[in-house]
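All of the numbers you see were taken from the coordinates with simple rules; none came from a lab. Every value quoted in this text rests on a predicted model; they were computed, and no experiment measured them. Neighbour counts run over all protein chains shown; Cβ positions are idealised from the backbone, glycine included.
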Amino acid sequence: MQKRFNMYKFSENELYVEIPNKPDYISLIEFKTLATEAQEKDIKDIILSGEGLTEHPDFLKILEDTCSRGFDISIITDGNWTRNWAEEFDKYKVKQVQFSYQGKEDTDAQLQAIQDVEEVGIDVVLLGEDE
């Protein structure tokens with residue numbers, strides 16, 4: 001598979017995948033190929049990130065595939081969601097959600113997202129400008 005725009009990176013212990021909601025987003029088939037490669041490398045952790053991550057048309061299928069393979073899942077998001085994702089994250093055994101603000105002001109949606117994720121018992125990490 002051709003690597004596009006640094007959309008993924010393998011390290012010794014994890015696979016980082018950028019899944020933006022853009023015309024050139026990673027497809028479900030491409031993601032499954034990466035997940036298979038991660039399994040072959042005995043990687044246990046997958047980090048999903050990307051601007052508009054939760055708006056990706058196959059986001060739930062990607063979560064389902066990741067969960068079904070037994071990976072530990074972390075998500076990096078700004079939390080500006082159009083719906084509550086906490087129950088889906090819990091269903092697919094997301095271990096951690098990192099909320100990244102990168103100099104943006106907190107919005108009511110972001111604060112609600114943090115609260116929703118905390119309520120289902122998923123580990124929350126707040127990343128600010130200095131992270």
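Along the Cα-to-Cβ line of ASN84, 7 Å from the Cα, sits a label point; which residues in the stretch 35-70 have backbone N less than 20 Å from it? The answer is 54-55, 60, whose backbone nitrogens lie closer than 20 Å to the label point.
Pairs of lysine residues in the stretch 8-127 that meet both criteria, 8 or more places apart or on different chains and Cα atoms under 13 Å apart, total 4. Remark on ILE75: its backbone amide H falls under 5 Å from those of LEU48, GLN96, VAL97, GLN98, a criterion applied only to residues 5 or more positions apart or on other chains, H modelled at 1.01 Å from N.
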